[in-house]
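A quick write-up on the structure given underneath.
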Amino acid sequence: MLDFSFFMPTEILHGPEVVKRHAKRLKEFGRKALLVTGRNSARRSGAQEDVTAALEHCGIAYEVFDQVENNPTLENIAEGGRAARQFAPDFVIGIGGGSPLDAAKAIAVLAVNSFGPEKLYDGDYTNRPLPVVAVPTTAGTGSEVTQYSILTLTNKQTKAGFGDRSLFPRLAFLDYRYTESLELEVTRNTAVDALSHLIEAYLSRRAGDFSDILVEAGLRLWSRALPDLKSAAFSSGMRDSLLAASTFGGMAIAHTGTTVVHALGYPLTYFHDIPHGRANGLLLAEYLRYNLQHAKSRVGKILKTLNLKDIGEFKELMRFLLPCDLRLTAEQISEYGIAASRTKNASHTLGEVSSQTCIDILQSSLG
Ligand code: NAP
Ligand code: FE
């Protein structure tokens, strides 16, 4: 018997020059927009210029908050919240990688709710967040189609996400040209985040018929981009496929959530400054190996779609794309493993995830 549900309220407009072609759509959201960006990439990618031209064309006033850090902290978000309350926009436009997009969602809440950023985690906001429009400039997080925002909690020394249906962007403009300014390393790191979302959604307790369809299509797109990812000679077709793969991965995790891979990746980012996608990629091979006992045929399908003969070859691929000499001590492995086993992400993983499961994955990956 079929038994499923699926909710994905973001309208996706994908294609070259999509912002210019659909500029008028921005009028639907009001007369004042706050742009939320990182320090450079929104401008460097050309996305900000296209968005501001579209806003000017529509007669929409705007201000820019361009102070979003990588892996934004609550303090950084509070700063954006203050800027938003002062300007009082009708909507928020996030431009950049996952960091600015996640910040845009959090700021959309704080713009109309006068509470501190730690309350973002409580959900059920008194005032409905402002609408968010998302313009990704990395092909990785899929944040443009998720209800999640992942922030850094300095007091807890970790990263943690919150999610609320009201945080799905209303509109996502996907133009691969904005990802062309990405450096090789960031291209690979973020591409592996997209792969991680696809794999985790497929090997999740919450996988369903719809998320499976998205994953299978996303993996095919990712695999199409793989030769260029390896050779570092990026074609526009590869950039376009990767951006779509990332959005498919985002739609899948919007449904399933992520798993213990993300939970184990957060301390690698927090304590060792490993970029998010790279952190996941370092753990993925051992996550596949763990899943052989629970979903062997699914692991086989993933490898087959990627044209890889076994998990060893997958691990080699990750080593090639993400060279890394990080080695963890036994104390670190134990500390990170125990913390990860207690997260909600861990509970989405197939099988019973104990602290020992997490320790074993970390040990085999980075011990
Ligand atoms: P990011 O932290 O947004 O950006 C990484 C770096 O890439 C930054 O230095 C950024 O510069 C630069 N950059 C971005 N686009 C560029 C472009 N087109 N050209 C040149 N440089 C560019 O990286 P990310 O991997 O996309 O996002 C990671 C964050 O997303 C993490 O916090 C992660 O936890 C979160 N995440 C969220 C979800 C979700 O569903 N919401 C899912 C997965 C991950 P600037 O600083 O100048 O912008
Ligand atoms: Fe991720």
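Considering just Cα atoms, how many Å³ per residue does the convex hull of the chain enclose?
About 124 Å³ per residue, rounded to a whole number.
How would 5, 355 line up from fewest to most surrounding beta-carbon atoms within 10 angstrom?
So the ranking, lowest neighbour count to highest, is 5, 355.
List the residues whose amide H sits under 5 Å from the amide H of residue 14, counting only those 5 or more places along or on another chain, with H placed 1.01 Å from N in the peptide plane.
Amide H neighbours of residue 14: 174.
Using the Cβ atoms and a cut-off under 9 Å, what net charge is assigned to the surroundings of residue 38, where Lys and Arg are +1 and Asp and Glu are -1?
Residues close to residue 38 contribute a combined charge of -1.
Relative contact order (percent) for the chain, with alpha-carbon contacts under 8 angstrom and 6 or more residues of separation?
Dividing the mean separation by the residue count of the chain yields 15 percent.
Mind checking which of 285, 252, 345 is farthest towards the positive end of segment 184-366's charge dipole, using Cβ charges of +1 (Lys, Arg) and -1 (Asp, Glu) about the Cα centre?
252
Any of 304/344; 230/344; 159/309; 32/105; 32/156; 20/105 with alpha carbons more than 26 Å apart? Name them for me.
Too far apart for the 26 Å limit: 304/344; 230/344; 159/309; 32/156.
Does segment 30-123 come out rounded, prolate or oblate, given a ≥ b ≥ c as the square roots of the eigenvalues of its C-alpha gyration tensor, rounded meaning a/c under 1.5 and, failing that, prolate meaning a/b above b/c?
oblate
How far, in nm, would the chain grow between residue 88 and residue 206 when pulled straight, counting 0.36 nm per residue and subtracting the alpha carbon separation?
Result for the pair: 38.6 nm of gain on full extension.
Report the Cα centroid-to-centroid distance between segment 327-349 and segment 265-300 in angstrom, as an integer.
First find each Cα centre; the distance between them is then 12 Å.
With springs connecting C-alpha atoms under 10 Å apart, model the chain as a Gaussian network and identify which of 189, 280, 113 has the largest mean-square fluctuation.
113
Of 162, 148, 208, which is farthest along the charge dipole of segment 132-227 in the positive direction, counting Lys and Arg as +1 and Asp and Glu as -1 at C-beta?
Result: 162, furthest along the dipole toward the positive end.
If I take all pairs of Cα atoms in segment 213-367, what percentage of them are more than 18 Å from each other?
When every Cα pair of segment 213-367 is considered, 60 percent fall beyond 18 Å.
Based on alpha-carbon atoms only, what is the radius of gyration of segment 11-177 relative to the globular estimate 2.2 N^0.38 Å?
So segment 11-177 has a normalised radius of gyration of 0.94.
Percent relative contact order of segment 184-366, based on C-alpha pairs within less than 8 angstrom and at least six residues apart?
29
Say we join alpha carbon atoms closer than 10 Å with springs in a Gaussian network model of the chain; which of 348, 22, 276 then has the biggest fluctuation?
Its mean-square fluctuation being the largest, the pick is 22.
If packing is taken as the average number of other Cβ atoms within 10 Å across a peptide's residues, how do 266-274, 171-179, 293-301 rank, most packed first?
171-179, 266-274, 293-301
Every read-out reported here was derived from the displayed coordinates using simple, explicitly stated rules and does not represent laboratory data. Bear in mind the structure is a predicted one, so any value in this text is a computation, not a measurement. Cβ: placed from backbone, ideal geometry, glycine included. Neighbour counts: every protein chain shown.
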